[in-house]
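Notes follow the structure.
Bear in mind that the values in this text are calculations on the coordinates, not laboratory data. None of these values were measured; they are calculated from a predicted model. Every residue, glycine as well, gets a Cβ built from its backbone with ideal geometry; the counts of neighbours run over all protein chains shown.
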Amino acid sequence: MGRAASRVGTGALVAVVALALGACGAPSASPGRAGSGPPGHYPYTEVGVPALVGLRLDAAERSARRADLTMVVRRRFAAGVPAGRVAAQQPSQGTVVGERAVVTVTVSAGPPHPARSGPSTTPKGS
């Protein structure tokens with residue numbers, strides 16, 4: 001086979017591979033646009049993470065659900081944040097993620113308990 005024939009063969013191979021990738025739903029290379037993952041996966045869309053800090057847990061859950069995100073909740077004591085309110089979130093507000101991505105929120109369990117002191121060892125009347 002000569003050089004001209006091998007060039008035609010290579011060009012045909014590239015065309016066949018490109019068609020095959022398009023037919024099997026290869027992911028879109030354009031960020032911010034709907035595309036499709038590998039066969040058997042749902043199409044995806046990129047979404048911005050909403051502001052959840054300061055919201056009550058039920059409001060944060062609704063906001064995450066509207067953005068098509070999965071929310072994981074942790075509870076921690078947080079000074080200055082009322083119990084039941086979101087004290088922190090990861091990823092932060094405005095971060096662009098794929099739909100159904102996980103957003104972890106830390107919900108305040110109220111202020112930290114003051115350090116407890118043990119029984120007094122000082123005798124009374126001293």
How big is the equivalent ellipsoid of the stretch 45-113 along its three axes, where each semi-axis is √(5λ) from the Cα gyration tensor, reported in whole Å from largest to smallest?
23, 10, 9
Taking a point 7 angstrom from the Cα of Ala51 along the C-beta vector, which residues in the stretch 75-105 have backbone N less than 20 Å away?
80-97, 103-105
If packing is taken as the average number of other Cβ atoms within 10 Å across a peptide's residues, how do 87-94, 45-52 rank, most packed first?
45-52, 87-94
For Ala88, list long-range residues whose amide hydrogen, built 1.01 Å from N in the peptide plane, is under 5 Å from its own amide hydrogen.
Thr106
